[in-house]
Amino acid sequence: SKRTTFKEVFQVSKSNFDCYVRIVCDLPSIAVVYLVLNLTSLSANFLTFSALVIGIGGTLGLYLDAPLITIISFYVSYSLDLMDGKVARLRGTSSGFGKKLDVITDRLVFGFSIAGYVYFTGIQERPDALFQYVLFALLFLLGDIFLVYGALGDYYDGKVFQKPSPRT
């Protein structure tokens, strides 16, 4: 089997991340993808499911009053999310199912993270803070909408809201 080079992994990485995501998440994930491709037979969908389990499981850190567990698991989940596409593209296993699974997994992890944060940070003890929690959730979801728009823009070559041309 052909070995994947570090340069190939780096080339399939999206370069439109902001500096923080690029340095803190994407660059380490490139190194891990290199190892995954050359030392294991893990599939991209396995990485996606792992991101789901770790991301949702991390919400338990809030329940256990151990926010460090939540922070680390969310970071690992996000890093796995960055890795699955690279693995699929480099192994030639990209599929419509995998793309949809990736988007659904992202929404589930983000949704559980928001719900866990709102519940376990005291909304049951401070109902007067409901406005703050709702505002936080709306801002988070607004950011998520921009992420989805960006992903769709990449997928549809930047023509998300353009009217499709008539078929002839």
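The values are calculated or read from the model by the stated rules, or taken from the named source; none is laboratory data. What you see is a predicted model, and the numbers here were worked out from it, not measured in a lab. Every residue, glycine among them, receives a Cβ derived from its backbone with ideal geometry; neighbour counts consider all protein chains shown. Heavy atoms of the whole protein, side chains included, go into the accessibility calculation; ligands, DNA and RNA do not. Shrake-Rupley method; radii C 1.70, N 1.55, O 1.52, S 1.80 Å.
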Apply the Karplus parameterisation 6.51 cos²θ - 1.76 cosθ + 1.60, with θ equal to phi minus 60°, to every residue of region 97-102 and state each ³J(HN,Hα) to the nearest whole Hz, in sequence, with x for glycine and proline. 4, x, 5, 5, 4, 4
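Of the peptides 69-76, 2-9, how do they stack up when ordered by the mean number of other Cβ atoms within 10 Å, highest first?
Details: 69-76: 17.0, 2-9: 13.4.
Descending packing order for the listed peptides: 69-76, 2-9.
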Rounded to the nearest percent, how much of the accessible area of region 67-106 (1.4 Å probe, protein heavy atoms only) is carbon and sulfur? 75 percent
How high is the relative contact order of region 5-102, given as a whole-number percent (alpha carbon pairs under 8 Å, six or more residues apart)? 36 percent
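Taking 0.36 nm per intervening residue step and subtracting the Cα-Cα distance, what contour gain separates Q11 from L64 on full extension?
Values: separation 53, 0.36 × 53 = 19.08 nm, distance 4.04 nm.
Here the segment from Q11 to L64 would lengthen by 15.0 nm.
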